[in-house]
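Below: one structure, written as structure tokens.
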Amino acid sequence: MSNELIQALNEIERERGIPKLALIEAIKSALNTAYKKNFGTAQNVSVEFDETSGDVHVYSQKKVVEVVEDPRLEVQLEEARELYPDCRLEDMIYVEATPTNFGRIAAQTAKQVVIQKLREAERSLIYQEFREREGEIVTGTVQRIEAKTVYVNLGRTEGIMLPSDQISGERYEVGQRIKAYIYEVKETPKGPNIFISRSHPYFLKRLFELEVPEIYDGVVEIRSIAREAGSRSKISVYSYDDKVDPVGACVGPRGFRVQNVVSELAGEKIDIIRYDKDPSRFIANALSPSKVLNVIPNEEEKVARVIVPDYQLSLAIGKEGQNARLAAKLTGWKVDIKNESQYLADLGEYEGDQEQAVEFQYDDDMENDEYGQDA
């Protein structure tokens, strides 16, 4: 090796930010291992790397004796005094023992170490970059599909989209450009694993942030999300400005904003719900597009009995219970839905209950904004 290696190390430190001293220490350690691998370990040797010239020397520790019995471990007194004039019998000294062909091995070893360190540095930079981007949306190209897992080219690395992170019913093809949400970045010996998702609830949230300036600016907030990816989602929104309608802001002019989100999600239905601090009103809103006559909440058990018109019962429950299930996820309340006739029958037929039932007439103030219907 030569001064060219030192110049290369200086350049790597300058351009890649890898400390030169760290590279040199790694090279020294690798050279010691390489020597023992190629020339045995019987001798107590030390491989030295000149940080100025790049030269490599091997020194063997030997005992000073009068008569040499094992030249690998001992050196004769007169020979030792040529190197160390003050040495005496039984002293331990270092004698250069650089093999004639060790220069080639050293050069190969140094090259391997530098390449390895560059790879490690690259992996570290990629990990740091995507660790900071965790929680963001990225755009990439489908690179390959193996065992239903989709690998997406993100530029310097690839994202992993597991089957559970894919939208049900969506089909992916090599070369297809897709958007996805980074939900986890793991560091592994082979490099960082970037897990991305199109089914994650926060993917929906980030899409609305991109489409709705009021959300990005913090005027409108998405309070909660309930999502069954590929089928239907509900989001609750709240405005910190009385002059800004949170539902209308998310829908956009002629529904343009929400339609952009729906298009990205391959037609997934989205209900935009007005958040309300009153649990009863919030639950009534969450059951959109069904009308609600009354909500009877049990604060301790977080259970709400919801009364709906007879003809709205199937709509309130939804296909296979989906509407009720999403409303429960959105509000954090268990929802027990009954139609008006069933509720009145449960009350009994005496006059007091009949008078109480009048209270459950539909109140227009509780009706959801028209944008709360399917987007």
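Observations
- Residue check, Val68 without any contact (Cβ under 8 Å) to a residue 60 or more places away in the chain and touching a Cys at 6+ places or on another chain (Cβ under 7 Å): no
- Arg81 closer than 30 Å to Ile126 by Cβ, surrounded by fewer than 16 Cβ atoms within 10 Å (Cβ to Cβ) and in the same structural domain as Leu125 (by TED's automatic domain parsing): no
- Selection of segment 17-27 for residues being in a helix (DSSP H, G or I) and buried (at least 17 other Cβ atoms within 10 Å of the Cβ) yields Leu23, Ile24, Ala26, Ile27.
- Condition broken by Val219, with the remaining ones in (1) crowded, with 19+ Cβ neighbours inside 10 Å; (2) more than 22 Å from Arg16 (Cβ to Cβ); (3) β-branched (Val, Ile, Thr) satisfied: (1)
- Pair list, Cβ under 9 Å, 6 or more apart: segment 173-189 residue touching a residue at least 60 places away in the same chain (Cβ under 8 Å), other residue assigned to a strand (DSSP E or B) and of a type outside the set (S, T, N, Q): Lys179/Ile137; Lys179/Val138; Lys179/Gly140
- Whichever residue in segment 124-183 is within 19 Å of Ser199 (Cβ to Cβ) and of a type in the set (Gly, Ala, Ser) and, among such residues, is nearest to the chain's Cα centre (by Cα): Gly135
- Close contacts from segment 87-104, counting a first residue that is on the phi > 0 side of the Ramachandran plot and a second that is part of a strand (DSSP E or B), with Cβ to Cβ under 8 Å and a gap of 6+ residues or different chains, come to Glu90/Lys63; Glu90/Val64; Glu90/Val65.
- Under the condition of being more than 21 Å from Ser224 (Cβ to Cβ) and either within 26 Å of the chain's Cα centre (by Cα) or buried (at least 23 other Cβ atoms within 10 Å of the Cβ) (or both), the residues counted in segment 249-292 number 4.
- Of the listed requirements (1) within 13 Å of Ile126 (Cα to Cα); (2) crowded, with 16+ Cβ neighbours inside 10 Å, Ile178 misses just one: (1).
- Positions within segment 159-209 being touching a helix residue (DSSP H, G or I) at 6+ places or on another chain (Cβ under 7 Å), part of a strand (DSSP E or B) and among the charged types (D, E, K, R), in sequence order: Lys179, Glu187
- Within segment 225-255, if we keep just the residues that are part of a strand (DSSP E or B) and not charged (D, E, K, R), the residue that is nearest to Ala284 (Cα to Cα) turns out to be Ser236.
One line per residue, one yes/no per condition, for (1) at pLDDT 80 or above; (2) in a loop (DSSP other than H, G, I, E, B); (3) among the hydrophobic types (A, V, I, L, M, F, W, C):
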| site | (1), (2), (3) |
| --- | --- |
| Leu5 | no, no, yes |
| Glu15 | no, no, no |
| Tyr35 | no, no, no |
| Thr41 | no, yes, no |
| Thr52 | no, yes, no |
| Lys63 | yes, no, no |
| Val68 | yes, yes, yes |
| Glu78 | yes, no, no |
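- Among the residues examined, Ile222 does not qualify as in a strand (DSSP E or B), farther than 27 Å from Ala328 by Cβ and not acidic (Asp, Glu).
The values are calculated or read from the model by the stated rules, or taken from the named source; none is laboratory data. As the structure is a computational prediction, the values presented were derived from the model and not from experiment. Note that each Cβ is placed from the backbone with ideal geometry, even for glycine, and that neighbours are counted across all protein chains shown.
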